[in-house]
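What follows is a single structure, written as structure tokens, with notes after it.
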Amino acid sequence: MPTIETGEIQQYYETTGEGTPLVLVHGAFVDLHMWDPQVEHFADRYQVICYDLRGHGKTGPSSASKYRMEMFADDLRALLEALDVQQTILCGLSLGGMIAQAFAVKYPSMLKALVLADTAVSTSLTLNDKFQRYILFPKWMMVATIRLMGVERFTRYSFWLAKVTRSEAWLGRDEGTRSYLEDRMLRITMEEYLKIYDAIYEFDIVDLGTIAVPALITIGEHESGSVYRHAEEMRRLIPGSQKIIVPGAGHTSNLEKPAEFNAILDEFLASIP
């Protein structure tokens, strides 16, 4: 099992193919297999690097008392240095997109191009964000609910709630995607679940205006209005960036519509000098 010691964790990774490095950073509570359709598509032209974030998959729990995006960015830097990768194209979805933003700002010399998919610039950008964060779903209440219900019950409740409120865009618009997401979420321990949730909750906007590489923002057609506003804010803040909608997709656009997602990335990657 290929692992690299980065700080206090043994970080699991997989690298496939040869060429310009392309790092794919997965979303919250899942693992590197979220990117299987992209590994298969791009490995004939790129060195595709996927890895399990701390707290996830085969990397597993860490001793850190809390997680922050900068910590995840530091983990990625350590992984790339161990693999002797000086510069990479970086693509992150959801939580992975938040990590990619933090990495892009903190380690700009290691970045060749950036793709931010179905992600957010903070958890308090819009009025709706603030309402959810401070009134509807305050952190103390969410932590208490997760501890009371446990990861399994909370996960199953989340999927049920998404279905009855017609919010499937967040948790997969097809049965295969939903099954994968639920299976991986149920593997996360309580303490890791809470640390990951806290990192997302506390994420705040970074200085995206300093990003000076080609940048693409993608968003699933059926994403929530809030995520659309975040995508537009990223496009506004990152100089020269472009925003493209993935037709027919929800939040996990790379899994729900892999052919469309891959085609959009193909066109963007072909434009990189």
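The values are calculated or read from the model by the stated rules, or taken from the named source; none is laboratory data. None of these values were measured; they are calculated from a predicted model. Virtual Cβ from ideal backbone geometry, glycine too; neighbours counted across all protein chains shown.
Exactly one condition in (1) outside any helix (DSSP H, G or I); (2) within 15 Å of Leu93 (Cα to Cα); (3) more than 17 Å from the chain's Cα centre (by Cα) is false for Ile217; which is it?
Of everything listed in (1) outside any helix (DSSP H, G or I); (2) within 15 Å of Leu93 (Cα to Cα); (3) more than 17 Å from the chain's Cα centre (by Cα), Ile217 misses just condition (3).
Quick check, is Gly92 under 14 Å from the mean Cα position of the chain (by Cα), part of a helix (DSSP H, G or I), crowded, with 24+ Cβ neighbours inside 10 Å and of a type in the set (Gly, Ala, Ser)? Can you show your working first?
Numbers: under 14 Å from the mean Cα position of the chain (by Cα): yes; part of a helix (DSSP H, G or I): no; crowded, with 24+ Cβ neighbours inside 10 Å: yes; of a type in the set (Gly, Ala, Ser): yes.
When the stated conditions are applied, Gly92 does not pass them.
Can you tell me which residue is farthest from Ala249 (Cα to Cα) among those in segment 61-89 that are touching a Ser or Thr at 6+ places or on another chain (Cβ under 9 Å), assigned to a loop (DSSP other than H, G, I, E, B) and touching a residue at least 40 places away in the same chain (Cβ under 8 Å)?
So, considering only residues that are touching a Ser or Thr at 6+ places or on another chain (Cβ under 9 Å), assigned to a loop (DSSP other than H, G, I, E, B) and touching a residue at least 40 places away in the same chain (Cβ under 8 Å), the one farthest from Ala249 (Cα to Cα) is Leu83.
So how many residues does segment 170-212 have that are charged (D, E, K, R) and farther than 24 Å from Tyr228 by Cβ?
The initial filter retains those residues of segment 170-212 that are charged (D, E, K, R), namely 173-175, 178, 182-184, 187, 191-192, 195, 198, 202, 204, 207.
Remaining after also requiring farther than 24 Å from Tyr228 by Cβ: 175, 182-184, 187, 191-192, 195, 198.
Count: 9.
Mind listing whichever residues of segment 225-273 are touching a residue at least 12 places away in the same chain (Cβ under 8 Å) and hydroxyl-bearing (Ser, Thr, Tyr)?
Of everything in segment 225-273, those that are touching a residue at least 12 places away in the same chain (Cβ under 8 Å) and hydroxyl-bearing (Ser, Thr, Tyr) turn out to be Ser226, Ser241, Thr252, Ser253, Ser271.
Go through (1) surrounded by fewer than 17 Cβ atoms within 10 Å (Cβ to Cβ); (2) among the acidic types (Asp, Glu); (3) at pLDDT 95 or above one by one and return the number of the condition Asp75 breaks.
Answer for Asp75: the failing condition is (1).
Has segment 22-35 got any residue that is surrounded by fewer than 24 Cβ atoms within 10 Å (Cβ to Cβ) and over 17 Å from the mean Cα position of the chain (by Cα)?
So far as segment 22-35 goes, no, none of its residues is surrounded by fewer than 24 Cβ atoms within 10 Å (Cβ to Cβ) and over 17 Å from the mean Cα position of the chain (by Cα).
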